[in-house]
Each structure stands twice: as structure tokens, then as C-alpha cells.
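Heads up, the thing below is written out as C-alpha cells.
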Amino acid sequence: MTSQEAGTEGALGVAALREDADRSDTRADVVVAVDCNGADLGPAEVAAGAAIAAGEGVRMILFGPAQEFGQALRDAPDGAIEAVDAPVSIAKSPDPASAVRANPDSSIVQAARAVAEDRAQALVCAGGTGAALAAGLFNIKRARGIHRPALALVLPVPGRPVTLLDVGANAQARAEHLEQFAFMGVALAQTLLGVGRPRVGLLSNGEEAERGSPLVVEAHARLRERVAGGASGFELIGNVEGGDLVSGVADVIVTDGLTGNVALKTMEGVSQTLLRAIRDAAMSSTRAKLGGLLLTPALRGLREEIDPEGQGGAYLLGLRQLGVVPHGGFARRGFARAIMRAEQGVSEDLGGRTHAALARAGALRRAAPASARIASLPGNDA
Amino acid sequence: MTREEVGELIKGHLADELDVEPGAIGEQTRFKEDLEADSLDLYTLVQELEDSYGVRMTDEQAATITTVGQAVDFVLAHAPV
């Protein structure tokens, strides 16, 4: 069964999505802006995912080549989906920041602008993290009090998903950035994953507090201070090592974007290589094939649990509204999941929770000094 | 495009990005010392000026602009006629 076939017919496809949709009646009236360009399977697949999400009550504005949305719009409930013809795609641009500014009519920029202008309250971008980050920063802008946005990914570890951030928004980071990333990851884990009191770890090369780069050591000290104050809402377990990314000792693991991206790509490469090797072994002889057939039912459940599409993609945290970036290789089920997670994140005020937690802990980026001080400077016309 | 118009655009941008009252920002206001603006704040300000006035600012030029007044001077001196 292909991912495409499982998108609507598979028992664990729609059922799992509907389970998440049966939330409390505090669900806000949220519109999600969806950039449909850039997906490997094309805009029609993203639109098909949008139709699935629309069936679960999500409202959307789709941006992309509208002539490819046709079937999805016909499948969706009336009024759930608005289509905006935006055929220009900058998903593959090697310089996303320049491309965003040079192409104001591109689908991602129009989608981000819709969020900035409050025509939508969340952004889903099917075609590329760089473009999503650039469009988000320039249009939606950083949330007040946030130093840097972060890209978070929920690693589909069986039994207990792990939120890893930053996985690529900031190649370089300062300790205060990592400090805020911890709060962002905690809010995501609480809001979207239902983890009441997340355990937070800092990715390092040893468990001891004094191990790690100066960045990690300082971030550790900062977080220890925040947690000691009692207002953090999470448990700081200290440093964790690479192997702990999937061991389940932490619910949220914090690192700089370069390290996070390398860790992520390493895990992806290893898992793909392993899966290929297992598949080859299973096909290597008649006995092996029979064994594979016997294992299939047991593995099907595991496959669903570790399927990245189940998590919806990467989360762009720290902007004024939530962004979700599904992997370009997803099928319609994955795009539907991304859209529903975006809606859920807004409905359950992931951004507001983050801000409140940072404020309680005294970890917001400080506002400028009192206006009186600035006004007293010579030459100012306040 | 007057000096006042450019100044208001810059103040509005900074007020929005940094959550500061626009009235508290003047020509002598220093980006880093007075507003605690970071590199990303300044980068987005440069983008705003480029998009609004068509000015092009190199990294070296940006590094010499430390106050609101200097930013206004730059725009007035370099905006295409």
C-alpha cells in the first residue's frame, strides 16, 4: 500500500486525524494559509491533504497554481477552502531570503502575508524550510520578546515522541537563544503532544554539567536558574548525549541549529540505510520472504508509529504566528496532518503559552529601557 | 520623501519590532545601546528601507549607521531620484 493510497482509505489515516480533531469545544475559528508549491508530488497532493483537513473542520486559504486544486476544492465542504492563484514558486531557490524579497507574488510570500494581515492565523509551507523561514521572518515577524525563531521537529520515537530544536533556523546561537528554545519546545510538547511536565535536555558531548561547548555550559546554567525559580513548567534533566535523542530520557532536546540539523540528517541517513538493508535481507531468499510476511502485521503498527507524516513536519516557533513545514516528500495524509497541527497549535495558543512561560520565568528578551531615558537624550524629539 | 516621513517609517518599524513607543524614539536614539536592537533587528530594518525607498546598503555601510538620524541621512542621500 502506498502512502497515497493510505491517505484516505487507511484505517489509521483519517481515524487518527479525526481523533485529534475531537478536542474540547474551545477550538477557535482558525484559518490556515497553505503554500501548496514545492511538494515532490505537486500542488494537487497538498490540495488533497487540505481537503482531508477540511473534512475535519479546518478552514484554509490555499496558495498555488489554482488549476491544480480542482478536485480538492470539489471534495472539500463548502466554504472550507479559499483558493488563491499563485503559481510562482520559490521553493527551490538557493537564496531564499533574496527570493522572498524579489518575488512578492510567490505563493509562500502571499501565504505569509495572509497570516501577517490576520486573514489567516497559521502558515503551512509544503516547499522548503528556507523559504518558509525567510517569508515568515520578513512578513509574520518575530514574536515580541523572542530573540530568534527556531525550527522544531518531533522525532517519532516509539512510545514517546521527542521534540528536537533548533534543527536549522539558526546556524549560530547564543545561550539566551537556547534558553528560549527550551520554553518553545516545552510549549509545543504540552500543546501538541499532551506532555504535562516535559523533561528538557541540552544536547552535549557528555552528561556532566561542565561538559560541552561554552554555549552549552552557559545555556545549562541559565536554564538551571530558571528552573530553580519554580516557574518554568518543565523538568531540566541536564545534558544529554547523541544517543539520548531516541532513548526517551527527554521529551524536549535543545541545541543550536547547526548541531540539530546535523543530528537530524544523520538519523535520517542511518534509518534509511537500515531500512534498505532490512528490506534487502527480507527479499534475499524464499525463507526470508516468508519470515517477512509473518512479521508484516507486527511491523505495520510500528511503521505507523514512526512514520514522520504522523507528526506533520517541522514547526517554526518564535514568530508572531505558528508555522508548520511538512517534508516535501509527504503524501496527502502528511499534509493534512500538518494543516491540522497548525490549526491545533493556534487553537490551543501555543504562542501565547510560550510567551507567558517566558514571562513568568523572566526569560523574555528585555524591552528597551524606559522611554523617559531615551527622551532625555539630547536631540530626541519625544 | 521628507526627512520626517523617513524618520516616521524607521520609528514605526523599530516600535513594532522592539515593542517600544514610537514617541520614545528620536534621531539621536542609538539602535544597540538605547533600543537593544540585535543584528536581526538591524537586518530587517535595512530590508524595510530597501523595500520602501529602493536604497541599497552594503554590510560595511550598515555597520557605520548606529542611530536613527544616521539611517535617515543615508536614505535621503542614497534613495533613487
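The values are calculated or read from the model by the stated rules, or taken from the named source; none is laboratory data. Here the structure is a predicted model, which is why all the values come from computation and not from measurement. We place every Cβ from the backbone using ideal geometry, glycine too, and count neighbours over all the protein chains shown. Areas reflect the complete protein model, heavy atoms only, side chains present, ligands, DNA and RNA absent. Shrake-Rupley method; radii C 1.70, N 1.55, O 1.52, S 1.80 Å.
So here's what we get for this one:
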{"quantity": "Tally, over segment A:82-113, of residues that are closer than 11 Å to A:ALA33 by Cα and buried (at least 24 other Cβ atoms within 10 Å of the Cβ)", "calculated": "5"}
{"quantity": "Failed criterion for A:ALA361 (all others in (1) closer than 17 Å to A:GLU179 by Cβ; (2) open to solvent by 30 Å² or more (accessible area, probe 1.4 Å); (3) of a type in the set (A, V, I, L, M, F, W, C) hold)", "calculated": "(2)"}
{"quantity": "Matching helices (runs of 4 or more DSSP H) fully within segment B:19-81 where at least 2 residues are hydroxyl-bearing (Ser, Thr, Tyr) and surrounded by fewer than 17 Cβ atoms within 10 Å (Cβ to Cβ)", "calculated": "B:39-53"}
{"quantity": "Members of segment B:56-70 that are within 14 Å of chain A (Cβ to nearest Cβ) and at pLDDT 90 or above", "calculated": "B:THR66, B:THR67, B:VAL68, B:GLY69, B:GLN70"}
{"quantity": "Segment B:28-55, residues that are free of Cβ contacts under 8 Å to residues at least 24 places away in the same chain and more than 12 Å from chain A (Cβ to nearest Cβ)", "calculated": "B:LEU42"}
{"quantity": "Check on A:MET340, loosely packed, with under 12 Cβ neighbours inside 10 Å and over 17 Å from A:ALA150 (Cα atoms)", "calculated": "no"}
{"quantity": "Residue within segment A:296-319 that is over 21 Å from the mean Cα position of the chain (by Cα), charged (D, E, K, R) and more than 18 Å from A:MET184 (Cα to Cα) present", "calculated": "yes"}
{"quantity": "Yes/no for A:ALA143 being within 22 Å of A:ALA187 (Cα to Cα) and small (Gly, Ala, Ser)", "calculated": "yes"}
{"quantity": "Tabulated pairs, segment A:171-198, first without any contact (Cβ under 8 Å) to a residue 60 or more places away in the chain, second open to solvent by 40 Å² or more (accessible area, probe 1.4 Å) and among the β-branched types (Val, Ile, Thr), C-beta under 9 angstrom, 6+ apart or interchain", "calculated": "A:ALA175/A:VAL217"}
{"quantity": "Answer residue from segment A:160-175, given it is of a type in the set (Gly, Ala, Ser) and in contact with an Asp or Glu (Cβ under 9 Å, 6 or more places away or on another chain) and is least open to solvent (accessible area, probe 1.4 Å) among those", "calculated": "A:ALA175"}
{"quantity": "Flag if A:ALA51 is under 21 Å from the mean Cα position of the chain (by Cα), open to solvent by 10 Å² or more (accessible area, probe 1.4 Å) and over 24 Å from A:ILE140 (Cβ atoms)", "calculated": "yes"}
{"quantity": "A:ALA250 being in a loop (DSSP other than H, G, I, E, B), in contact with a strand residue (DSSP E or B) (Cβ under 8 Å, 6 or more places away or on another chain), open to solvent by less than 20 Å² (accessible area, probe 1.4 Å) and in contact (Cβ under 8 Å) with a residue 40 or more places away in the chain", "calculated": "yes"}
{"quantity": "For A:VAL200: the one exception among (1) part of a strand (DSSP E or B); (2) closer than 24 Å to A:PRO43 by Cβ", "calculated": "(2)"}
{"quantity": "Odd one out for A:GLY206, checked against (1) open to solvent by less than 30 Å² (accessible area, probe 1.4 Å); (2) in contact (Cβ under 8 Å) with a residue 40 or more places away in the chain; (3) over 28 Å from A:GLY313 (Cα atoms)", "calculated": "(2)"}
{"quantity": "Some residue of segment A:308-326 being out of contact with any helix residue (DSSP H, G or I) (no Cβ under 7 Å at 6 or more places or on another chain), on the phi < 0 side of the Ramachandran plot and of a type in the set (A, V, I, L, M)", "calculated": "no"}
{"quantity": "Residues (within 16 Å of B:GLU5 (Cβ to Cβ) and among the aromatic types (Phe, Trp, Tyr)) located in segment B:37-78", "calculated": "B:TYR53, B:PHE74"}
{"quantity": "Criterion: of a type in the set (S, T, N, Q) and open to solvent by 60 Å² or more (accessible area, probe 1.4 Å) - qualifying residue of A:GLN180, A:GLN272, A:GLN190", "calculated": "A:GLN272"}
{"quantity": "Given (1) open to solvent by 20 Å² or more (accessible area, probe 1.4 Å); (2) within 14 Å of chain B (Cβ to nearest Cβ), number of the condition A:ARG199 does not satisfy", "calculated": "(2)"}
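Yes/no matrix, rows are residues, columns are (1) of a type in the set (D, E, K, R); (2) at pLDDT 85 or above:
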residue: A:LEU290; (1), (2): no, yes
residue: A:LEU299; (1), (2): no, no
residue: A:GLU304; (1), (2): yes, no
residue: A:GLU309; (1), (2): yes, no
residue: A:PRO326; (1), (2): no, yes
residue: A:THR354; (1), (2): no, yes
residue: A:ALA363; (1), (2): no, yes
residue: A:PRO369; (1), (2): no, no
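Yes/no matrix, rows are residues, columns are (1) among the hydrophobic types (A, V, I, L, M, F, W, C); (2) over 19 Å from A:ALA120 (Cβ atoms); (3) modelled with pLDDT under 95:
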position	(1), (2), (3)
A:MET1	yes, yes, yes
A:ALA6	yes, yes, yes
A:GLY10	no, yes, yes
A:ALA16	yes, yes, yes
A:THR26	no, yes, yes
A:ASP29	no, no, yes
A:VAL46	yes, no, no
